[in-house]
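The values are calculated or read from the model by the stated rules, or taken from the named source; none is laboratory data. Worth saying up front: this structure is predicted, and the values here are computed from it rather than measured. So basically every Cβ, Gly included, is an ideal-geometry build from the backbone, and we count neighbours across all protein chains shown. When the accessible area is computed, the model is the full protein with side chains, heavy atoms only, and any ligands, DNA or RNA have been set aside. Shrake-Rupley method; radii C 1.70, N 1.55, O 1.52, S 1.80 Å.
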Amino acid sequence: MSARASVFTVGIALDGRTAAAVWRQGPNGAWQHATVACDAAPAGIEQAFAALAREVPTVDRLRVTLVRPLANARPVEFPRMSRATLERVLERDWARYVIGLSPSMQTVSARQTKAGQWRAVFAPTETLDAIVTAAANHGWNEVSTQVSDDALASAALVTVASDGTPQFVIICDGRAATDVVYLRGGEPSSGRRFPRAATDEDVFAFIRATAGTHAKGLSIAVIGPPTRTGALALAIRQNGHRASVLDVGLAAEATSMAAIAAVGTFGTPMVELRSPAARAVQERRLRTAARWLLATAAAALVVAFGIERIAVNTQLSSVRTQRADVSGQVRSAMALRSNAENAAELVSVLGQREASASRATAVIAAVANALPAGTALTTLGIAGDSVTVEGESARSAAVYNALRIVPQLQQVRLAAPLRQDRQSGADAVERFAFSALIMPSGSTHGATP
């Protein structure tokens with residue numbers, strides 16, 4: 001089967017002895033490769049990159065894969081903590097976990113696989129700094145670095161066989177297997193670089209040690225020249241496992257380092273190694289980007305405020321114009337309202353005066369007109385709303401009935417018992433005394449019998 005085309009066109013693999021570079025013109029072009037001697041020292045990396053730059057085209061992005069023993073990866077268990085804290089702890093105590101080519105300080109990058117468990121990758125700090133510097137000197141400005149276990153895992157994930165993702169991926173050269181990685185759910189768990197005189201039995205010994213002595217039916221992918229991968233695939237099947245050969249498109253004479261450089265351009269690094277210098281550069285870029293974003297946001301805010309202010313001023317000018325247009329009508333309406341309020345106040349005052357005005361004259365006239373003939377008044381008194389009528393009459397009942405029908409009176413009643421006086425030579429005369437209440441203004445007549 002053939003590998004999926006990579007978006008990265010240049011890859012370099014380093015193992016502390018050699019540097020292999022692969023590239024191709026376009027995503028579907030044929031791979032080309034070159035190999036030069038290279039140790040892990042910064043000067044050696046600069047010389048190797050200078051030699052490769054004369055053959056490799058200059059591109060913006062470069063993928064570098066570090067192979068054992070130059071770089072190492074291993075699972076670690078730690079209490080719950082942040083990734084940055086774990087990386088600092090491992091960098092301070094790196095010698096407990098790896099054996100490197102040089103005693104120089106190690107840079108560590110980690111990826112959490114499950115709670116309390118991490119996968120840490122280690123590489124010399126001076127090597128990572130030298131890679132970034134040498135790459136920049138030759139026009140490769142964007143560099144990402146990973147370990148070979150991640151490169152082989154990427155090859156397995158992007159070149160999946162019909163029976164699923166392989167549990168083992170093996171790289172071969174023309175003579176024997178050189179590198180192997182064990183995957184759990186697509187995640188590298190452990191790996192090994194075989195010695196130059198390794199045999200197929202060394203490969204199966206690693207498989208038994210990692211997957212179990214009695215494990216059968218494992219899916220194993222093999223990458224390398226057909227002359228070697230065919231024989232190794234046959235041996236794998238004879239041991240009760242499933243084997244698939246992955247063709248990455250390299251020429252038959254390409255080394256296993258070239259194959260690692262090629263598969264290193266597949267996918268994206270699972271755990272990217274970044275030196276302190278590269279981290280500082282990235283932090284400066286992030287700070288610069290943050291400043292630009294802040295400045296852009298501030299400029300956008302100022303522009304938005306200016307636009308809003310212009311809109312408000314336009315609306316305010318329109319309101320002022322409309323206000324000037326209706327100001328005459330408003331003044332007329334306010335004058336009419338003032339006149340109406342004055343008239344209402346005058347009516348209220350008149351009403352109050354009318355309600356409190358004395359109606360004594362009208363009451364006296366009404367009582368006088370209502371009394372029947374022959375009636376003599378001795379007293380007609382008004383105090384507030386009370387009226388007292390006293391006098392003499394031959395018919396006091398007629399006086400009472402006359403007072404009851406006076407519209408201005410109500411509740412007419414006796415104020416004292418009737419008395420009869422008999423004068424000589426004349427008829428009897430009755431002395432009467434009635435009281436009543438003056439009817440309130442606006443009320444209808446409703447005298448009480």
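At R0 = 25 Å, how high is the FRET efficiency between ALA280 and ALA50 if r is their beta carbon distance? Nearest 0.05 is fine.
Efficiency computed from Cβ-Cβ geometry: 0.55.
Would you kindly state how much longer the chain becomes between ALA365 and GLU272 on full extension, computed as 0.36 nm times their sequence separation minus their alpha carbon distance, in nm to one decimal?
Result for the pair: 21.4 nm of gain on full extension.
Just grab the label-to-label distance for TRP292 and GLU390, each label 7 Å out from Cα along the Cβ direction, in nm (one decimal).
11.6
Which shape class, rounded, prolate or oblate, goes with the stretch 242-343 when its Cα gyration tensor gives a ≥ b ≥ c as root eigenvalues, a/c under 1.5 marks rounded, and past that a/b bigger than b/c marks prolate?
Cα axes put the stretch 242-343 in the prolate bin.
I'd like to check one number: the per residue accessible area of the chain, probe 1.4 Å, reported in Å² as a whole number.
Ligands and nucleic acids excluded, the figure is 54 Å² per residue.
Using only the Cα atoms of the stretch 140-227, build the gyration tensor, take square roots of its eigenvalues as a ≥ b ≥ c, and label the shape rounded, prolate or oblate: rounded if a/c is under 1.5, else prolate if a/b is larger than b/c, else oblate.
Oblate, since a/c reaches 1.5 and b/c is not below a/b.
Order the peptides 212-221, 181-190 from the highest to the lowest mean number of other Cβ atoms within 10 Å of their residues.
Those peptides, ordered most packed to least, come out 181-190, 212-221.
In whole percent, and with a 1.4 Å probe on the protein chains, what portion of the accessible area of the chain is carbon and sulfur?
Result for the chain: 55 percent of the exposed heavy-atom area is carbon or sulfur.
Using the Cα centre of the stretch 221-302 as the reference point, and only Cβ charges (+1 on K/R, -1 on D/E), how large is the resulting charge dipole? Debye, rounded to the nearest 20.
With Lys and Arg at +1 and Asp and Glu at -1, about 360 debye.
So if R0 is 56 Å, what FRET efficiency would ASP93 and VAL302 give, r being the distance between their Cβ atoms, rounded to the nearest 0.05?
The computed FRET efficiency comes out at 0.65.
Give the shape of the chain as rounded, prolate or oblate, defined through the alpha-carbon gyration tensor: a ≥ b ≥ c are the square roots of its eigenvalues, a/c under 1.5 means rounded, and otherwise the shape is prolate if a/b is larger than b/c and oblate if not.
Judged from the Cα gyration tensor, the chain comes out prolate (a/c at least 1.5, a/b above b/c).
Place the peptides 42-49, 362-369 in order of packing, highest mean first, counting for every residue the other Cβ atoms within 10 Å and averaging per peptide.
Listed from highest to lowest mean packing, they are 42-49, 362-369.
Output the 0 to 90 degree angle, nearest 10, between the alpha-carbon long axis of helix 226-238 and the longest principal axis computed from the alpha carbons of the chain.
The angle comes out near 80 degrees.
What's the whole-number percent of alpha carbon pairs in the stretch 274-420 lying beyond 26 angstrom?
Result: 68 percent of Cα pairs exceed 26 Å.
Mind ordering 53-62, 295-304, 239-248, 123-132 by average Cβ neighbours within 10 Å, highest first?
For the peptides 53-62, 295-304, 239-248, 123-132, the packing ranking is 123-132, 239-248, 53-62, 295-304.
Indicate, rounded to the nearest 5 percent, the antiparallel portion of the DSSP beta bridges found entirely in the chain.
75
Calculated from DSSP H runs of 4 or more alone, at -39500 (n - 2.57) each and per residue, what is the 222 nm mean residue ellipticity of the chain, nearest 500?
-13500 deg cm²/dmol
Of ILE171, GLY212, ALA290, which is farthest on the positive side of the dipole of the chain, counting Cα position, with +1 on Lys and Arg Cβ, -1 on Asp and Glu Cβ, and the Cα centre as origin?
Comparing the listed Cα positions along the dipole, GLY212 ranks first.
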